[in-house]
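Everything below concerns the one structure shown next.
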Amino acid sequence: MPVDVKVDRERAAAVAAAARTLSDPIRVEILELLREADGEVCQCHLQPRFEISQPTLSHHLKKLADAGLVQVERRGKWAYYSIEDDALEVLRSWLS
């Protein structure tokens, strides 16, 4: 029996991309820390919270930034991260 529901393929792709990015527990933890923070968080303050190397943390942060889930601002040698609320809205609206 055919289903008469129109599928929004762009939305489906956006939800799938966000879900893929969040399939790693470290990335979920990073997002949780950023959500609880009051403003931007320097990568130097994130590093001590995880038992992973700095390059591995950078890899996870890059994946989150590439997916548009976090914003990054570089200041000298430091990078500051914050949540991109609009990107998370894709998941919120889909889950509700």
*Identify all residues within the range 8-26 that are modelled with pLDDT of 90 or more and part of a loop (DSSP other than H, G, I, E, B); write none if there are none.*
22, 23, 24
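Hey, can you tell me all the residues within the range 84-96 that are in a helix (DSSP H, G or I), surrounded by 13 or more Cβ atoms within 10 Å (Cβ to Cβ), out of contact with any Lys or Arg (no Cβ under 8 Å at 6 or more places or on another chain) and not small (Gly, Ala, Ser)?
Scanning the range 84-96 gives 88, 91.
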*When residues of the range 59-71 are filtered for being surrounded by 14 or more Cβ atoms within 10 Å (Cβ to Cβ) and either touching a residue at least 40 places away in the same chain (Cβ under 8 Å) or more than 15 Å from residue 25 (Cα to Cα) (or both), how many remain?*
8
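Got a sec? Which of 49, 74, 9, 27 is in contact with a Leu (Cβ under 7 Å, 6 or more places away or on another chain), surrounded by fewer than 17 Cβ atoms within 10 Å (Cβ to Cβ) and among the basic types (Lys, Arg)?
On the way: 74 fails: in contact with a Leu (Cβ under 7 Å, 6 or more places away or on another chain); 9 fails: in contact with a Leu (Cβ under 7 Å, 6 or more places away or on another chain); 27 fails: surrounded by fewer than 17 Cβ atoms within 10 Å (Cβ to Cβ).
Step by step, each of 49, 74, 9, 27 is checked, and only 49 is in contact with a Leu (Cβ under 7 Å, 6 or more places away or on another chain), surrounded by fewer than 17 Cβ atoms within 10 Å (Cβ to Cβ) and among the basic types (Lys, Arg).
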*Test set (1) assigned to a helix (DSSP H, G or I); (2) of a type outside the set (Lys, Arg); (3) surrounded by 17 or more Cβ atoms within 10 Å (Cβ to Cβ); (4) touching a residue at least 40 places away in the same chain (Cβ under 8 Å) - residue 81 fails condition number*: (1)
_Can you find, within the range 39-96, the residue that is modelled with the highest pLDDT among those that are within 17 Å of residue 22 (Cα to Cα) and of a type in the set (Phe, Trp, Tyr)?_
81
*Just checking, how many residues over the range 39-71 are under 11 Å from the mean Cα position of the chain (by Cα) and either of a type in the set (A, V, I, L, M, F, W, C) or outside any strand (DSSP E or B) (or both)?*
11
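The values are calculated or read from the model by the stated rules, or taken from the named source; none is laboratory data. Keep in mind the model is a prediction, meaning the values are calculated, not measured. When we count neighbours, we look across all protein chains shown, and the Cβ atoms used for this are built from the backbone with ideal geometry, even at glycine.
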